[in-house]
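A.B. asks: Once you've had a glance at the structure underneath, I'll fire off some questions.
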Amino acid sequence: MLFPEGVAIDGVTGAVTPATGRYVKKLSALRDLYAAPPMVDAFIAEHGDVDAYEVIEYRPDGSDICFGTTIMAPGKIGDEYFLTRGHYHARADRGEVYYTQSGEGLLLLHSRSGEVRVVEMRTGVCAFIPPDWAHRSVNTGGTPLVFVWTCATDAGHDYGEVAARGMRQRAVERNGRPAVVANPNYAD
Ligand SMILES: [Fe+2]
């Protein structure tokens, strides 16, 4: 039987208390997602294999819904901002919500039919991610980007599609400002 519970979320650190799980994604694991993978190697040679982002979950066994936080480090590879892997959900009928707690970023999305959208991630903005839209977050600020996500437990992740074809958009710095550009390497 499931029981109600209050879960504390720290909007600055992203700590979830109590949490049921967590994982850290190292920059090296994201190497081939960047426009310039050799620049990832150079970054790691200089700064080490940093924690690019951390995911902390509250996912009770047997629950239909779950939530958690993602804490993204600030940084760039060349002019491209630090990013998450990006994914579709395994189930095409499951959406998600991202509620930004602190930091600044962009949520890049595209649909199966090729529509592209960008949602600004800043404190207080709750992003609606409809079912069957690929989504990737990027940290465009100088501080950690912390957001709360929530979705159906059975939504699942399909990372393969984005890993194979890329996202349709990239978030880069242009003249000191974030800009979103078409990804010339997207495999249509
Ligand atoms: Fe998702």
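A.B. asks: Against the longest principal axis of the chain, how steep is helix 37-47, in degrees 0 to 90 to the nearest 10, with axes from Cα atoms?
C.D. replies: On a 0 to 90 degree scale, this one is about 80.
A.B. asks: For the chain, compute the orientation-averaged projected area of the C-alpha convex hull (one quarter of its surface), in nm².
C.D. replies: Projected area, direction-averaged: 10.6 nm².
A.B. asks: Suppose we flag GluC sites (Glu not before Pro) only when DSSP calls them loop and at most 10 other Cβ atoms lie within 10 Å. Which is the longest uninterrupted stretch of the chain?
C.D. replies: Here the longest run is 6-114.
A.B. asks: Given contacts defined as C-alpha pairs under 8 Å and at least six residues apart, what's the relative contact order of the chain, whole-number percent? Each step should come with its number before you reach the end.
C.D. replies: On the way: 450 pairs, mean separation 42.1, N = 188.
Relative contact order for the chain comes out at 22 percent.
A.B. asks: List every residue whose amide H lies under 5 Å from the amide H of PHE67, counting only residues 5 or more places away in sequence or on a different chain, with H placed 1.01 Å from N in the peptide plane.
C.D. replies: Under 5 Å from the amide H of PHE67 lie the amide H atoms of TYR58, each far enough along the sequence or on another chain.
A.B. asks: Residue by residue, what Karplus-based ³J(HN,Hα) values in Hz, rounded to whole numbers, does region 172-188 have, using 6.51, -1.76 and 1.60 with θ = phi - 60° and x for Gly and Pro?
C.D. replies: Once rounded to whole Hz, the list reads 10, 8, 10, 6, x, 10, x, 9, 10, 10, 5, 8, x, 9, 4, 8, 5.
A.B. asks: Enumerate the amide H contacts of SER102 below 5 Å, restricted to partners 5 or more residues apart or on another chain; note that Pro and chain-start residues carry no placed amide H.
C.D. replies: For SER102, the qualifying residues are VAL146.
A.B. asks: Mind listing the long-range amide H neighbours of ARG22? Cut-off is under 5 Å, sequence gap 5 or more, other chains count too, H placed in the peptide plane at 1.01 Å from N.
C.D. replies: Residues meeting the amide H criterion: GLU57.
A.B. asks: Can you tell me the Rg and the Dmax, both Å, for the Cα atoms in region 4-109?
C.D. replies: Values for region 4-109 (Cα only, Rg and Dmax): 15.5, 48 Å.
A.B. asks: Could you please state, rounded to a whole Å, how far the C-alpha centre of region 46-87 is from the C-alpha centre of region 148-178?
C.D. replies: If we compute the Cα centre of each part, the gap is 11 Å.
No value in this document is a laboratory result; all are computed from the given coordinates. Because the structure is predicted, anything quoted here is derived from the model rather than measured. Cβ atoms come from the backbone with ideal geometry, glycine included; neighbour counts cover every protein chain shown.
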